[in-house]
Amino acid sequence: MKIVVIEDEIMVARRIQMFCKNILGDRTTSLKHFMVIEYAEDYINNNNIDLLLLDLNLNSRDGFELLKNKLAESFNNIIISANTDRAIEAFEYGVLDFIGKPFKEERLAQAINKLDTGAISNSQQLKYLSVKKYGCIEMIDIKQIAYVKASGHYSELHLINGDTVLHDKNLERLLTILPTQFERVHKSFAVPL
């Protein structure tokens, strides 16, 4: 698993990295840490990753800037932040989990386990999916999705209005963040029931 940690407090970043190594062991193939959003964004733009662990307050910059731009990517996002008042907002944008600071290894393990099990308890709160479209990010209201179709390493969002939008996450990864009302009815299709 290729992981990027964006955290401006060095001791917290080291703790996150240690916990990830303890939880994932040899499943961790890459574990990168960045203290500055721009450096992290540059790395993410040029490398494939599986998981982003993101703080929201980074040297007086808002981690949501990066989150909103990168939610359409194929990797999952876990927020680790003392700004717990923003948890609902984060879930509305489809993060895998939100961990409040301070936290223990068990809590991070629980969040990372969601990658394997697909057990997203907060997925009912997801309201929008962000999609890269013509070089910018478009927010798609979950209620507008008629069905989702697998398309190789991507997914096609078929909307109620007849439009089709390509999403960077494959169907399996999308199902980990979509509300539980979305059921896989075929290996290539999921529909909201």
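The values are calculated or read from the model by the stated rules, or taken from the named source; none is laboratory data. Fair warning: this is a prediction, and the values are worked out from it, not measured in the lab. Please note: Cβ atoms are built from the backbone with ideal geometry, for glycine as well, and neighbour counts cover all protein chains shown. Side chains included, ligands, DNA and RNA excluded: accessible areas come from the protein's heavy atoms. Shrake-Rupley method; radii C 1.70, N 1.55, O 1.52, S 1.80 Å.
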(request) Summarise the accessible area of the chain (1.4 Å probe, protein heavy atoms) by the percent that is carbon and sulfur. (result) 47 percent
(request) Determine how large the accessible area of residue 164 is when every protein chain is in place; take a 1.4 Å probe and give Å² rounded to the nearest 10. (result) 80 Å²
(request) Let me have the relative contact order for the chain, percent, based on Cα pairs under 8 Å that are six or more residues apart. (result) 16 percent
(request) Any chance you could give the angle, 0 to 90 degrees and rounded to 10, that helix 105-117 forms with the longest Cα principal axis of the chain? (result) 30 degrees
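Can you put 141, 168 in order of accessible area, largest first, using a 1.4 Å probe? Don't skip to the answer; put the middle values down first.
Values: 141 55, 168 35 Å².
The ranking, largest first, comes out as 141, 168.
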(request) On a 0 to 90° scale, report how tilted helix 37-46 is relative to the longest principal axis of the chain, with both axes built from alpha carbons and the result rounded to the nearest 10. (result) 50 degrees
(request) Let me know the charge dipole size of the chain about its Cα centre in debye, to the nearest 20, where only the beta-carbon of Lys, Arg (+1) and Asp, Glu (-1) is charged. (result) 420 debye
(request) Can you give me the three principal axis dimensions of the chain from its C-alpha atoms, in Å, biggest first? (result) 49, 31, 31
(request) With a Förster radius of 41 Å, plug the Cβ-Cβ distance of residue 104 and residue 143 into 1/(1 + (r/R0)^6) and report the FRET value to the nearest 0.05. (result) 0.65
(message) Suppose R0 equals 30 Å. What FRET efficiency, 1/(1 + (r/R0)^6) with r the Cβ-Cβ distance, do residue 113 and residue 43 give to the nearest 0.05?
(response) 0.75
(message) On alpha carbon coordinates alone, what is the Rg over Rh value for the stretch 25-85, Rh being the Kirkwood radius?
(response) 0.95
(request) On the full set of protein chains, 1.4 Å probe, figure out the accessible area of residue 33 and give it in Å² to the nearest 10. (result) 50 Å²
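With the cut-off at 1.5 for a/c, could you classify the stretch 1-112 from its C-alpha gyration tensor as rounded, prolate or oblate?
rounded
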(message) Given the -39500 (n - 2.57) contribution per DSSP H run of 4+ residues, what per-residue ellipticity at 222 nm results for the chain, rounded to the nearest 500 deg cm²/dmol?
(response) -9000 deg cm²/dmol
(request) Calculate, for residue 1 and residue 35, the FRET efficiency according to 1/(1 + (r/R0)^6) with r their C-beta to C-beta distance and R0 30 Å; round to the nearest 0.05. (result) 0.90
(message) Per 0.36 nm of contour for each residue apart, how much would the distance between residue 60 and residue 183 grow if the chain were fully extended, relative to their Cα-Cα spacing?
(response) 40.2 nm
(request) Amide H neighbours of residue 169 under 5 Å, at least 5 residues apart or on other chains, H built in the peptide plane: list them. (result) 155
